[in-house]
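Q: Below is one structure. I have some questions about it.
Nothing in this text is a laboratory measurement; each read-out follows from the coordinates by a stated rule. In this text the structure is predicted, and so the values were computed from the model without any measurement. As a convention, Cβ positions derive from the backbone with ideal geometry for all residues, glycine included, and neighbour counts pool all protein chains shown.
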Number of protein chains: 6
Amino acid sequence: SHGSYQGNEFPGVVTGLAWTAQGGEILFVESSQSKGKGGLTLTGNLGEVMKESAMLALEYLKSHTDELNIDSSVFENSNWHIHVPEGAIPKDGPSAGITMVTSLASIMTKRKVRKSIAMTGEITLRGRVLPVGGIKEKILAAKRAGIKEIIMSEENQKDMEEIKEVYLKGLKFRFVKTISEVLEYVLLKK
Amino acid sequence: SHGSYQGNEFPGVVTGLAWTAQGGEILFVESSQSKGKGGLTLTGNLGEVMKESAMLALEYLKSHTDELNIDSSVFENSNWHIHVPEGAIPKDGPSAGITMVTSLASIMTKRKVRKSIAMTGEITLRGRVLPVGGIKEKILAAKRAGIKEIIMSEENQKDMEEIKEVYLKGLKFRFVKTISEVLEYVLLKK
Amino acid sequence: SHGSYQGNEFPGVVTGLAWTAQGGEILFVESSQSKGKGGLTLTGNLGEVMKESAMLALEYLKSHTDELNIDSSVFENSNWHIHVPEGAIPKDGPSAGITMVTSLASIMTKRKVRKSIAMTGEITLRGRVLPVGGIKEKILAAKRAGIKEIIMSEENQKDMEEIKEVYLKGLKFRFVKTISEVLEYVLLKK
Amino acid sequence: SHGSYQGNEFPGVVTGLAWTAQGGEILFVESSQSKGKGGLTLTGNLGEVMKESAMLALEYLKSHTDELNIDSSVFENSNWHIHVPEGAIPKDGPSAGITMVTSLASIMTKRKVRKSIAMTGEITLRGRVLPVGGIKEKILAAKRAGIKEIIMSEENQKDMEEIKEVYLKGLKFRFVKTISEVLEYVLLKK
Amino acid sequence: SHGSYQGNEFPGVVTGLAWTAQGGEILFVESSQSKGKGGLTLTGNLGEVMKESAMLALEYLKSHTDELNIDSSVFENSNWHIHVPEGAIPKDGPSAGITMVTSLASIMTKRKVRKSIAMTGEITLRGRVLPVGGIKEKILAAKRAGIKEIIMSEENQKDMEEIKEVYLKGLKFRFVKTISEVLEYVLLKK
Amino acid sequence: SHGSYQGNEFPGVVTGLAWTAQGGEILFVESSQSKGKGGLTLTGNLGEVMKESAMLALEYLKSHTDELNIDSSVFENSNWHIHVPEGAIPKDGPSAGITMVTSLASIMTKRKVRKSIAMTGEITLRGRVLPVGGIKEKILAAKRAGIKEIIMSEENQKDMEEIKEVYLKGLKFRFVKTISEVLEYVLLKK
Ligand SMILES: [Ca+2]
Ligand SMILES: [Ca+2]
Ligand SMILES: [Ca+2]
Ligand SMILES: [Ca+2]
Ligand SMILES: [Ca+2]
Ligand SMILES: [Ca+2]
Ligand SMILES: [Ca+2]
Ligand SMILES: [Ca+2]
Ligand SMILES: [Ca+2]
Ligand SMILES: [Ca+2]
Ligand SMILES: [Ca+2]
Ligand SMILES: [Ca+2]
């Protein structure tokens, strides 16, 4: 089912974690790149805050090309599209920030994303990863979906204490401070 | 009546299946291509989610030109228009995704669509076909309209169980995982 | 009075039939063409669905230039404006579709429209003429206004049965399947 | 007071007649022309229908340049601005149509407008002048403001019967069918 | 305090008078000019009518360059920004018209504004200055703020009668008919 | 925690002070610069007034390039993005004005911002710093976050009297009249 982790066969596809009234859920962020003039379009029934995360992700990458070995001319001759299935479900909030920046970085570098990983965290323009809510529900959803490793903000480490050990079994956690740490770890060598 | 299947004499015309409060219904997705700069315009009283499906369909094709033997310069010197009759009826939801991507692929390749087929399914940017609702009502509508074969997501196969065999008589079903499978099957050789 | 048929002295002026809470009414669709880049502007207090009909009419003509002997460069160096008097009255619905496509085709070809004709019908992108509502009221209004011939969708023929013969006296009816049939009949030779 | 007729010393300034809940009133339509690319901007707290009248006025002039000896290149290298004082008062409706087309024609031709005239009437794209409401109140307002002659649609002639003769004393009336008649009469030779 | 007159050391800064539910108040209109293509941007929590005053001010100057010795190429290679502090307070109405046109004329000509003056009045496209409301409250506010001279429409002279002489002490008044009179008086020689 | 002062290692990052229903809070304004045509984009769930502050900050810098030794061609070949974390929290009001102008000036000049400073104040186009509300709450928040020095409008000095001395211990205050004073003090030499 599309509620399960689906492998990492394509660059640009990254697994995130959402938290809704119905509980935690995994979600996929998909990016494509085409000829253009630097435009960014978005689909997937996204709210304003989530759209801002996507803009932020693109701006971050524009000013960190060196770090990722991205030829900065790509920002003048490409467009990007980010889609978050499923279209019928409204989505919002800043917590897909690291998922989006990873998705765009993956499609720009053509580097696939490390297997069996999900991530959740707000990003800032200078590259910090901020904590987000719903950690417990997100962990349960990740486990159900077959995820093996979860990336979160260092500031979410405190939320782990309230989660029973049995739920954490079989999951690795990686707590990060910056987008750089995320990209360095999850983007695979070509 | 325009509630019946109408043949496949034009590229760009594809039969979909809608599900409304009044039950299932067939619908037609029509595309035209003209000189332009890559623009996409939409008519037919479409809601936001359905408009996003059309954007998604175009983005998918932009990044899968090789597979369909589409000259990618077409995205720089053409515009597309997608219309879904009838104009007085508001339409929404993601389930026309495969109908739209098939319609655009058909008009771009000038390949007509296989006869007597209807389809329903959400699409994603990486090319998956997701399950949709209202399968029973859609099947009844397709049959009434003279459809012989229906294409759906593999994940909708489970919905078949709750439909009495008598309703399925005379209909073939094709369950798919990807947009590629759809296009390969329904787009006829020129 | 402006509630009467007004002759066909100008290309671009076509008589349609509207159906409102107050009953049937004739309306005029007027088009003008000027230098431009393919733009379409609309006035006359038109609702979204009626605006979509105008877009659709223009798209149809873009992809049927051969049939009408229209030089397709016109779509790159002209703008069109469609106005539907009277400005104080909100208008909506798809039924002016054939009136709009006839008006644009008339102004593009500089061919005037056959005399004493009114028309009503939704159009589709592939060129079909779909049935519309309010046929009885529209026929009464046409007769009052001095119209001699009415063009409608073949699928509206069934609505004629419920109209008393006395109302039909002096009126000819032309039932059509396609926009082509309409344009071939009503656009006069130059 | 700005409630009085103010002479015709500038091209582009034309006196209209409005009808509000407070009764009739004169209004001024002012146009200016500057270098540009054919744009039209509007101020004066105008509603959608009144904005459409201004668009219509410009479109009419675009397709009637011969009649007015307007060099049609003006539509490619000029912008126009129409203002209707006073900014605090919302204004709407189609009845300023002839005032607007006269104002634009005056500024384009640099021909001033005949003295002591006010006008009211809706316009159509093909150049007809349609009747409008509030004739009695508008006539009273024109008289109070020192107007000597009023231009209206021929179809408003019937509204004159219900007005007592004493109110009409000292006023001339000119009933017109077309914009051409208006412009020919009111635009003075340079 | 920013509630006091603040001198005239910068071109583009002009003192206006506002009238709110809290009484009269002085306000500042500030303009800046930069390289551009004739654009006008506005900040300061301005309502639609006040934004229209700014557009009107710019249009007036475009068609009166001779009078002010403005090189008209400035309208093709400059942008303007008008700000009205304070950002937290919504502002609307047409009465800042003369303040805005003076501010823009000052920044375009680099001529500073005569000292200790405030002004209030609506403007029209042909250059008239129309009367505005709240004269009494505005005069009190001007006096409190240290203003020495107030410019208003000639048609506001009648509002002076209802103001006790004691409030007018130390204030000069200049009643004007046109924008020309305002600019000629308040813009200082370079 | 991101509720603490975070050092000044990047140009473009500046610490501001916000005042919400929950009390005072520090916030970060982050700017990035990329190739472009002078555009400004904003994220962080900002209200209209706060967006206007950002526009104002950019306009101020455009007309004060000399003072900051900014090559004015930067306004023709760069875009800027300003983000204010955290995305889930709506933010509004003019008090981040000096934080924004400092952030943009820092990124344009590549000069970092003096350490351990926070600031709050509205700005005007001519460069004044206006007083803002919530001073007491902002001071407490700054102290909690480890700030050592606070910059405010001279007109906020009066608000200091109502704050107990114990809260002010360990904090320096700098009261300013103009943006120039702020930038001269806080932007470090390269
Ligand atoms: Ca799901
Ligand atoms: Ca996420
Ligand atoms: Ca139907
Ligand atoms: Ca479908
Ligand atoms: Ca009528
Ligand atoms: Ca019609
Ligand atoms: Ca008045
Ligand atoms: Ca009028
Ligand atoms: Ca104040
Ligand atoms: Ca004022
Ligand atoms: Ca916080
Ligand atoms: Ca601040």
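Q: Would you work out the charge dipole size for the range D:38-143 about its Cα centre, treating the Cβ of every Lys and Arg as +1 and the Cβ of every Asp and Glu as -1, and quote it to the nearest 20 debye?
A: Here the size comes out at about 560 debye.
Q: From the label point of residue F:68, set 7 Å along Cα to the beta carbon, how far off in nm is each other copy's matching point, shortest first?
A: For residue F:68, the inter-copy label distances come out at 2.7, 2.7, 4.7, 4.7, 5.5 nm.
Q: Still on this structure, I have one more. Considering all projection directions equally, how large on average is the shadow of the alpha-carbon convex hull of the range C:1-93, in square nanometres?
A: So the Cα hull casts an average projection of 6.8 nm².
Q: Still on this model: Below 8 Å, C-alpha to C-alpha, sequence gap of six or more: please give me the relative contact order for chain E in percent.
A: Rounded, it is 27 percent for chain E.
Q: Provide an ascending nm list, one decimal, of label-point separations from residue B:190 to the equivalent residue in each further copy; define each label point as 7 Å from Cα along Cα→Cβ.
A: Nearest first, the other copies' label points are 3.2, 3.2, 5.6, 5.6, 6.5 nm away.
Q: Placing a label point 7 Å from Cα toward Cβ, how far apart in nm is residue F:22 from its equivalents in the other copies, listed shortest first to one decimal?
A: 2.9, 2.9, 5.0, 5.0, 5.7
Q: Could you state the angle between the C-alpha long axis of helix C:135-144 and the longest principal axis of the C-alpha atoms of chain C, as a value from 0 to 90 degrees rounded to the nearest 10?
A: Taking the Cα atoms of chain C, the angle to C:135-144 is about 90 degrees.
Q: Tell me what chain E gives for mean residue ellipticity at 222 nm when only DSSP H runs of n ≥ 4 count, each as -39,500 (n - 2.57), the sum divided by the residue total, rounded to 500 deg cm²/dmol.
A: -8500 deg cm²/dmol
Q: Considering every residue in F:20-32, what mean count of other chain Cβ atoms within 10 Å of its Cβ is obtained?
A: The shielding value for this peptide is 2.
Q: A further question on this structure: Hey, fewest Cβ within 10 Å first, where do D:112, A:37 land in order?
A: If I rank by nearby Cβ atoms, fewest first, I get A:37, D:112.
Q: Now for a separate question. With labels modelled as points extended 7 Å from the Cα through the Cβ direction, what inter-label distance (nm, one decimal) is found for residue C:188 paired with residue C:167?
A: The modelled label-to-label distance comes out at 3.0 nm.
Q: Considering only the range C:13-186, what is the antiparallel percent among its DSSP beta bridges, to the nearest 5?
A: Around 55 percent antiparallel, to the nearest 5.
Q: For the rotation that brings chain D onto chain E, whose beta-carbon in chain D is nearest the axis, and what is that distance in whole angstrom?
A: Value returned for chain D: D:37, 11.
Q: What ranking of F:72, F:34 emerges when the number of other C-beta atoms within 10 Å of each C-beta is taken as an exposure proxy, fewest first?
A: With the fewest neighbours first, F:72, F:34 line up as F:72, F:34.
Q: Kirkwood hydrodynamic radius of the range A:13-186 from all distinct Cα pairs, in Å?
A: It is 16.1 Å.
Q: Still on this structure: Please arrange D:167, C:60 by how many other C-beta atoms lie within 10 Å of their C-beta, fewest to most.
A: With the fewest neighbours first, D:167, C:60 line up as D:167, C:60.
Q: For the pairs B:35/C:177; D:164/E:136; B:110/B:177; F:37/F:91, note any where the Cα-Cα span goes beyond 31 Å.
A: Pairs exceeding the cut-off: D:164/E:136.
Q: Over the range F:55-150, one equal point on each Cα, no solvent: what is log10 I(q)/I(0) by the Debye formula at q = 0.18 Å⁻¹?
A: -0.96
Q: Something else now. Under a straight-distance cross-link criterion of Cα-Cα below 17 Å, which aspartates and glutamates are reachable from residue B:115, leaving out those fewer than 8 residues away in the same chain?
A: Within the straight-line limit of under 17 Å, residue B:115 reaches these aspartates and glutamates: B:9, B:30, B:149, B:181, B:184.
Q: For the pair residue B:76 and residue F:69, what calculated FRET efficiency results from E = 1/(1 + (r/R0)^6), where r is the Cβ-Cβ distance and R0 = 45 Å, to the nearest 0.05?
A: Once the sixth-power term is evaluated, E becomes 0.60.
Q: Based on the Cα coordinates of the protein assembly as shown, what is the per residue volume of their convex hull in Å³?
A: Per-residue hull volume (Cα only) is 188 Å³.
Q: Peptide F:67-75: average number of partner chain Cβ atoms within 10 Å per residue?
A: The shielding value for this peptide is 1.
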